[in-house]
Structures are given as C-alpha cells and as structure tokens.
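The values are calculated or read from the model by the stated rules, or taken from the named source; none is laboratory data. All values reported here derive from a predicted model rather than from experimental measurement. Neighbour counts are summed over all protein chains in view; Cβ atoms, including those assigned to glycine, are modelled from backbone coordinates with ideal geometry.
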Amino acid sequence: MTDGRNEAGVVIVTGAAGFVGSNLVAEIMRRDPASIIVAVDDCRSGSFANIVEACERAGVGPFIGDFLAMSTRDLDWGDLLEAIAPDAVYHLAAITDTTVSDERLMMGDNVEGFRDLVESCALAGTPLVYASSAATYGAPPEADSRRPLPESAAGSPSNVYGFSKLVMENLHAHVNEAIAAERGERPHIVGLRYFNVFGPGESRKGKMASMAYQLASQIRSGGRPRIFTDGSQARDQVHVADVVDCTLAGAAPGVKPGVYNCGSGVATTFNDVVDAVRAGLGVSEPDAPTDYFEMPAEIRAFYQSYTCADLSTVKAGLGWSPRRKPIDAIREYAAFLASREGR
C-alpha cells in the first residue's frame, strides 16, 4: 500500500476498472505521470482489461498504481485517508444498470458505499468528486417542453438507480451543512450528474453500453439499427473524454463545491444518432435502414425520452465546458469502433 509519505501526489479512483473510471485513470497518468493512483474496484462489472486498454489508447505506458479489489462499503475510509493522504478522491463506483429492480441491492451498494466516504473526506479536508446522474431528474416539466434541465429540476427520479443517486446528493448536502456550521466553509465536495456517456472503453458494459455503441454493433454485424418509434426521442450524449475532463475540473483548487450537470448541453435525437453512426461506419441508409419498434411496456414508465443538460451552472462553478459536439463525436467514435474492432 502506498502511503502519505510519498512526495508524488496520490489520488484514489473508485470504480477504476469501469468505463469512465478506466478512462479517468489513463487521463490522470497522461496529465501527471508522477502521480500515484490507488484504484478501487470489486470487479463485479468492471475489468482490469479496461484499465490496460485505456492506458494503451492514451499512450501512457502500463498502469503502475495500486489496486484494491474491494467494495467501497468494505473500506474504512477514515483510516485509508489517514494512511495515504490523497490529493483527491474520485468516486465512480456504483451499480449503474438503470433496469435493476432490486431496491435493497441498489440502495445498499450506491448509498451505503458513499456514506462513510463523503463524511470521511469532509472531515479530512480531502477533495471529493463523485458521479451522480441525470437519472435524478426523471421527467420534469422542462423535459416535457424539451428545454435544458437546470440542476434545480431534479428530485423525481423514475427508477431506483436515480433515487440512489438523489440520496447520495442528500448525504452530500447534509455533510455540507454540518461542516459549514463547524468550520465556517463548505468542504470541497463536487457531485456531477453524468448524462449519456459514450466513447472508447465501453465494450464490456453489455446492455448498458451507449446507444452509439449498440447501433454500431448492430450495423457492423450485418443487422439494421433498431430504435424506438419514431426516433424523435432525444438525449444529451456526451463523450467520455469530456466527462473525464469535467471530473478532473471538479477537484481543481478554487472551484465552487456543489452538484453540477455534466453533459454536452445538446439534445441529440435518436434518428440523428443513427445517421451519425452510419456516417462514421461509411454505410448508407439503404444498406442499413432504420428498424423502428415500439417501446416495451416494462420500461415506458421510467424511460427518459428527453434529456439535455443546462450547463450554465457548471460553467460558472467549475469553469468547465465540453469540447466536443455530439454528432461529430459520435461519427468519429463509430469510425474508431470500426478501426479497433469494437473496443
């Protein structure tokens, strides 16, 4: 185990073997090759291979950090923070399958895996950036009128995953109040509501892989791209590199603690996603026509047919804006998938 006596900076990344986490690890290595990364992941859904491949894509050489194969619920965060004195903790570990209906499992993993962590970071003065989700919004009036979602619109999640993230934000708020009352200032804790993330490194996500990945896989296997009738549904699609950039911005000195949207700020229709994927693969519409089908009844009740991040608050609080336009990024990603055989 590394310890706080190291001169190099130490950071902890939970969920490090997952899609976003592995990309985050590689980007930290690229920006600060001397940093010591302590990766935490119980490997139930993540894989070491994600870290290996992310490092290869980033050209940073092999992963040289530490790895704790543990659930965040099983760690004594107070002892760990004291032992290694990290510069920051990035908490991405969670059950992210929005179709999971086992409420006890979801709440136990996501909420109880966060409770000790957020309290310990606040008490130790360790900057913490954690992944929340656009699932906290459910379907507010702004979505019905197809307007960008401000942070204040959250609070009516349509599934237990979104509810677990909402409760995490509540814990964050409670800790803020307690520390501010005691010390006169809020701790450096930033929550980021990730919207629909896509990009390299998601090949092991299975049914939870992005729409762009799923459509590209369908076309590349000789099938037709399948989307819900009539393709007018629209989601905020954001490239993983932008999400990683936003996540790192959350730990920078001088930022304003709080909960922020992390998206592209653009609602891209499913029809436009299909067109971008076909273009990236170099496939014409006649060769891969869209196959429309009705939304299954079992997901209709909690499905978000429209999401779009209002980015005004994150621009002001973190000084962050996405660099990639969704359509261009999806087209480039589809071409990447074709060239890298789906990774």
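Could you list all residues from the stretch 285-317 that are without any contact (Cβ under 8 Å) to a residue 40 or more places away in the chain and either touching a helix residue (DSSP H, G or I) at 6+ places or on another chain (Cβ under 9 Å) or surrounded by 12 or more Cβ atoms within 10 Å (Cβ to Cβ) (or both)? Matches in the stretch 285-317: 285, 287, 315.
In the set (1) crowded, with 17+ Cβ neighbours inside 10 Å; (2) of a type in the set (D, E, K, R); (3) not in a helix (DSSP H, G or I), the condition left unmet by residue 245 is number (3).
Within the stretch 188-207, does at least one residue satisfy the condition of being over 19 Å from the mean Cα position of the chain (by Cα), of a type in the set (D, E, K, R) and at pLDDT 95 or above?
no
Only one of these conditions is not met by residue 180: (1) crowded, with 16+ Cβ neighbours inside 10 Å; (2) farther than 25 Å from residue 326 by Cβ. Which number is it? Here residue 180 meets the rest and fails (1). The residues of the stretch 156-187 that are under 19 Å from the mean Cα position of the chain (by Cα), more than 22 Å from residue 243 (Cα to Cα) and free of Cβ contacts under 8 Å to residues at least 24 places away in the same chain amount to a single one, 170.
Pairing each residue of the stretch 49-70 that is closer than 20 Å to residue 8 by Cβ and modelled with pLDDT of 95 or more with any residue that is assigned to a helix (DSSP H, G or I) and basic (Lys, Arg), provided the two are 6+ apart or on different chains, yields C-beta distances under 6 Å for 58/30; 60/30.
At least 1 residues being among the polar types (S, T, N, Q) and farther than 24 Å from residue 253 by Cβ is the threshold, and among the helices (runs of 4 or more DSSP H) wholly inside the stretch 18-109 those reaching it are 19-31, 48-58. When only residues in the stretch 132-168 that are out of contact with any helix residue (DSSP H, G or I) (no Cβ under 8 Å at 6 or more places or on another chain) and among the charged types (D, E, K, R) count, which is surrounded by the fewest Cβ atoms within 10 Å (Cβ to Cβ)? So, considering only residues that are out of contact with any helix residue (DSSP H, G or I) (no Cβ under 8 Å at 6 or more places or on another chain) and among the charged types (D, E, K, R), the one surrounded by the fewest Cβ atoms within 10 Å (Cβ to Cβ) is 144. Of the strands (runs of 3 or more DSSP E) lying entirely inside the stretch 257-343, those carrying at least 3 residues that are more than 21 Å from residue 132 (Cα to Cα) are 291-293. One residue stands out among those in the stretch 266-280 that are among the small types (Gly, Ala, Ser) and surrounded by 20 or more Cβ atoms within 10 Å (Cβ to Cβ): the one that is nearest to residue 142 (Cα to Cα), which is 267.
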